[in-house]
Amino acid sequence: MISTSMTNACRLFFLLAMLCVVLSAPAAADPARYASIRRDEAFLREGPSYAHKVLWVYHRKNFPVMIIGSFDAWRRVKDVDGTVGWMHHTQLSDARTVVFIGFTKSQLREDAKPTSGIVAYAEPGVVAKLKACKLAECEVETSGVDGWVSKKNIWGVEFSEVF
């Protein structure tokens, strides 16, 4: 027969072991967020300093990028093609934009309903200002045209984002 004090000691040991497991688990990483390129010329570097080699030069103001990390004043970013590198925070803006993806033109509709009228078509590569998002569609504006587009046709927003 096991004594009550021994059972309590076992329970305490088990609880302490579980607490150690929980406390030693790595913290969840910050969720990715999106930004856009602030200037007509922005440099993507292989590391977080001006001493690092330039991997790519973007010549597209407002082009969206995903921020996947940071170090001091530098942001690790990923673009629509999967290219990853570092940019100084002064080259980025918090303005949300998206880029149209795919191989064919995307329909922009009057509202979020798939049966609403088409107001324009956007070619792959077109950059648009992101205005609002529902579960499956986002409202965008480009070249003076406002419309709703399916999230599957744009890059620069998470499928779960609604605002």
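Throughout, read-outs are computed from the coordinates displayed, never taken from laboratory work. Quantities reported herein were computed from a predicted structural model and do not represent experimental measurements. Cβ: placed from backbone, ideal geometry, glycine included. Neighbour counts: every protein chain shown.
If R₀ is 30 angstrom, what is the calculated FRET efficiency for the pair E123 and D72, using the beta carbon separation as r and rounding to 0.05? Computed FRET efficiency for E123 and D72: 0.20. Treating each Cα of the stretch 33-95 as one equal point scatterer and applying the Debye formula with no solvent, the log10 of I(q)/I(0) at q = 0.16, 0.23, 0.27 Å⁻¹ comes out as -0.40, -0.87, -1.25.
Pairs exceeding a 32 Å alpha-carbon distance, out of K61/K105; K61/K134; K105/K134; K53/K134; K78/K131: K53/K134.
Rg over Rh for the stretch 98-155 works out to 0.90, both radii taken from alpha-carbon positions and Rh defined as the Kirkwood radius. From the Cα gyration tensor of the stretch 47-163, with a ≥ b ≥ c the square roots of its eigenvalues, which class applies: rounded if a/c is under 1.5, or else prolate if a/b is larger than b/c, or else oblate? Taking the square roots of the gyration eigenvalues as a ≥ b ≥ c, the stretch 47-163 is prolate. If the chain linking D94 and R38 were pulled fully straight, counting 0.36 nm for each residue of separation and taking away their Cα-Cα distance, it would gain 19.3 nm.
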